[in-house]
Amino acid sequence: MITSKITKLGLAVVVLSLGILAACSSGDNVASSFSETNTGKPVEQLGPLAELDTSLISKYVSEGGLKCISRAKSVVEEDGVVDPDDDFIFVRDKCGSHRDIYLYINARAQVVDVKGNPVAGATVYERRCSYEDKSCQHVTDKEGYFYMDSVNFLTFWENDAERAVNNPKYAYFKDFQELRLRAFSADYSFGAYIRSSFANASVVVIDGKLVAELEKIVVAEPVYATKVYLDSLYVASDESDNENDKQIIDRWNENIKGSIENGEDICAELKTEDYSLTDIYSCNRVTEEDRKNGYMTIYGLPEGTYDIVIDGTFYGFTPLVIKP
């Protein structure tokens, strides 16, 4: 009953067309090339981040906590650190204190168009960052670069599996972190959704500081904006619903109402062909103006079919279809 009720629910939407509005070093040859930032500061190219001497990097050693990790692939390296690229399965079978080591570095990436030209004024959002949250979004400079301070790029996970107890070379395995980003041209006509791994990054030195140089982001896919009417988010009830169904629907609607009134995030999350969820999404916080107008606008959606996610919870609304 509930399933059929949800599948009958339609989202009132309108698609708004926005129009077309390292050189690496090896051995002892540390610096292989130079360039300059738009501030005139020299940029020194060092080489792959994976080869960086981590003693140069700021570290944070966790003093533990109730963090659990189920499993990860890894294999032992000659230097005693475990590499996550082979068949040894690391399993944390209990929660507890683990002295994990987190390494941080400043990072940058360049946003370019399909011709490889820098895109100035592009906006880049980290993971589920909403359009109203300035703390997790970045704007590119005239050379198309954006910068992030002190990003966790590599983690050494402490291994408490049995084989690590008496063998120090199994004590840790390393895990290069990944950034999930979405980038848009200044007029929000074109965008890109990427997963950028620090395992593929290089290292540059800018003004005496080490910086991870991530892969270029090409904003090439047309993206669109969509109006989502807030009233359409509520689940309707009728006389055919039994008492249990009505109670469930009432709880859903109370949660939805609370999310709207509290200005929480409403996101559109892209489905794949087999209707499994992906990491492509756009989020907006419900503003006072949205509540006054009765609708909110979600930006930066490539063509496709989306689920609506409210405050991190998927409610199973009728899919939202975005077409040019």
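What ³J(HN,Hα) values, in whole Hz, does the Karplus curve 6.51 cos²θ - 1.76 cosθ + 1.60 give for segment 213-229 when θ = phi - 60°, with x put for Gly and Pro?
Rounded to whole hertz, the list is 9, 7, 4, 5, 10, 9, 8, 10, 8, x, 10, 9, 10, 9, 7, 10, 7.
Distance in nm between label sites at Val114 and Lys41, each 7 Å beyond Cα in the beta-carbon direction?
3.5 nm
With +1 on the Cβ of every Lys and Arg and -1 on the Cβ of every Asp and Glu, and nothing else charged, how large is the dipole of segment 103-215 about its Cα centre, in debye rounded to the nearest 20?
My answer is approximately 160 debye.
Near the amide H of Glu264, under 5 Å away, which other amide H atoms are found, from residues 5 or more places off or on another chain, if H is placed in the peptide plane?
So Glu264 has HN proximity to Val286.
Non-local amide H neighbours of Asn159 (under 5 Å, H modeled in plane, Pro and chain starts lacking H): which ones?
Long-range HN contacts for Asn159: Tyr172, Phe173.
Tell me which residues come under 5 Å, amide H to amide H, from Val151 once H is placed; ignore anything under 5 positions away on its chain.
Ile105, Asn106, Ala107
Just so you know, all these numbers are worked out from the coordinates, no wet-lab data involved. Keep in mind that this is a model prediction, so the values were computed, not measured. All Cβ positions, glycine included, derive from the backbone under ideal geometry; neighbour counts span all protein chains shown.
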